[in-house]
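Trainee: Take this structure first; my questions come after.
Read-outs: derived from the displayed coordinates by stated rules, not from any lab. What you see is a predicted model, and the numbers here were worked out from it, not measured in a lab. Neighbour counts are summed over all protein chains in view; Cβ atoms, including those assigned to glycine, are modelled from backbone coordinates with ideal geometry.
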Amino acid sequence: MRWALSALLLLATLGRALASDFSDEMQPENEAAMKKGLAYLAATQRPDGAWSSGNGPSTGIVGACCVAFLANGQVPGEGEYGTVVAKALDYLLKNAQPNGFIFNGGEGGPMYHHGLATLALAEAWGQSQEPQIRDALKRAVELICNSQNQRGGWRYQPHIGDDDLSASVMMLMALRAAKDAGIEVPKDVIDAGIEYVKSCHNGRGQGKDGGFAYSPGGDSGFARTAAGVTSLQVAGNYKAAEVSEGVDYLLKFKPLGTQTVEEGFYAYGLYYATMGIYQAQSIGSWGRKAWTSWYPAVTRSLVATQQADGHWTGSHDQFPTATALLILAIPCRYLPIYQR
């Protein structure tokens, strides 16, 4: 009885805390921007469930858009955009190959598309429990695990080869989501991924800037550091020294309403930076201070740069709109990947 009462009190306290966080972070203008963005994506979806891009429809863009709807509480087949989500998932499943690879062409490395598609299936499987999604997801995860190289990283192609931080973070995000959904992910794959990400860190103890490089030994950059910080956290290394140094590096690039940092990778970098700083709250008051400084600046930037029809501009067509919606949806905490 005492345990039950204590548990109820704890849940009540957590509920009040989450409600407070939500009300502080989800401003009316942010919510309005989310609604406009979702309406834009819904209106531009093709009948087959995909979104057109400069290089044709791609599973990566479909995966990103699908996760944006899921992060905003849209369930496959239910609610305002349930049909949109269901059609997107059908598209991904139709393009899931027997060996687990989810790719049908598109700009950028094939494994980027596979990682985003796998992430979408993992989050959808956690909500729908559809056997078809589970089977495709398991094969997709196996392909990721079998494509990891001896240094613990991944690259553009679905086989063992060279590596880079950008592709590796996408794989670790997909594996974390799959694990959250109940799919078995070998611990040694995660451990090797962690070591690879850390090898890309330019530690301040070595007289460097604390950021992350595209590959071991390279120069630090905003998007690269954002990817490094987030990948370590989704792999469970929330309080690693590389995380706190990386967050310090990111805070130097607090958005000011213009895309002035690595413009070609602005949407990508801003999404991962915001995810990483959000997760950094688990470090303590320092992390909370970083979040309360960063997130309002990010959302002001997004609201200011949204176009009249609801989309955000940038490379890779709908990808900037999907990432903006994912950032705005963080306070909703609908998806396990957004929960600390």
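Trainee: With a cut-off of at most 16 other beta carbons within 10 Å, and DSSP calling the residue loop, which trypsin sites (Lys or Arg not before Pro) in region 71-176 qualify? Please list them. Show your work: numbers first, answer last.
Mentor: Numbers: sites: Lys87, Lys94, Arg134, Lys138, Arg139, Arg151, Arg155, Arg176; in loops: Arg151, Arg155.
Listed in order of number, the matching sites are Arg151.
Trainee: Kindly flag which residue pairs out of Lys94/Lys187; Lys239/Lys289; Lys138/Lys187; Lys252/Lys289 have an alpha-carbon separation exceeding 20 Å in this structure.
Mentor: Flagged as over cut-off: Lys94/Lys187.
Trainee: Let me ask you something else. From the C-alpha coordinates alone, can you work out the Kirkwood hydrodynamic radius of the chain, in Å?
Mentor: Working: mean 1/r = 0.0499 Å⁻¹.
By the Kirkwood definition, the hydrodynamic radius is 20.1 Å.
Trainee: Report the Stokes-Einstein translational diffusion coefficient (µm² s⁻¹, integer) for region 182-250, Rh taken as the Kirkwood radius over Cα pairs, at 37 °C with viscosity 0.692 mPa s.
Mentor: Result for D is 275 µm²/s.
Trainee: Counting each DSSP H run of 4 or more residues in the chain as -39500 (n - 2.57), what helix-only mean residue ellipticity at 222 nm follows after dividing by all residues, to the nearest 500 deg cm²/dmol? Walk me through the numbers before you get to the answer.
Mentor: On the way: 13 runs with 200 residues, N = 340.
Calculated at 222 nm, the ellipticity per residue is -19500 deg cm²/dmol.
Trainee: Go ahead and run the numbers for FRET between Ala297 and Asn149, Cβ-Cβ distance against an R0 of 35 Å, rounding to 0.05. Intermediate results must be reported in sequence, preceding the final value.
Mentor: Numbers: r = 37 Å, r/R0 = 1.07.
For Ala297 and Asn149, the calculated efficiency is 0.40.
Trainee: How big, on average over all directions, is the shadow cast by the Cα convex hull of region 79-200, in nm²? If you can, show how the numbers build up before the last one.
Mentor: Details: hull surface 29.8 nm².
The Cα convex hull of region 79-200, projected and averaged over all directions, gives 7.4 nm².
Trainee: Could you calculate the contour length gain from Ser52 to Lys289, that is, 0.36 nm times the residue separation minus the distance between their Cα atoms, to one decimal place in nm?
Mentor: On the way: separation 237, 0.36 × 237 = 85.32 nm, distance 3.99 nm.
Additional length available on full extension: 81.3 nm.
Trainee: Which helices, counted as full DSSP H runs in the chain, have an axial Cα extent of no less than 20 Å and a Kyte-Doolittle average of 0.5 or above? Please list the in-between numbers first.
Mentor: On the way: long enough: 2-25 (34 Å, 0.60); 28-44 (24 Å, -0.22); 110-128 (26 Å, 0.05); 131-147 (24 Å, -0.14); 165-180 (22 Å, 0.94); 285-305 (30 Å, -0.28).
Flagged H segments are 2-25, 165-180.
Trainee: Right, next: May I ask for the distance between the Cα centers of region 136-162 and region 214-228, given as a whole number of Å?
Mentor: 20
Trainee: So between Lys208 and Asp188, what do we pick up on full extension, going 0.36 nm a residue minus the alpha carbon distance? Please report the intermediate quantities before stating the final value.
Mentor: Details: separation 20, 0.36 × 20 = 7.20 nm, distance 2.93 nm.
Here the segment from Lys208 to Asp188 would lengthen by 4.3 nm.
Trainee: A further question follows. How about region 75-170: which GluC sites (Glu not before Pro) there are in a DSSP loop, with at most 14 other Cβ atoms within 10 Å of their Cβ? It would help to have the intermediate numbers written out before the result.
Mentor: Numbers: sites: Glu78, Glu80, Glu107, Glu123, Glu142; in loops: Glu78, Glu80, Glu107.
Passing both the DSSP loop test and the Cβ count: Glu78, Glu80.
Trainee: Here's another thing I want to ask about it. Cross-link candidates for Lys198: which aspartates and glutamates have Cα within less than 15 Å, leaving aside residues fewer than 8 places away along the same chain?
Mentor: Partners within reach: Asp163, Asp164, Asp209, Asp219, Glu242, Glu245.
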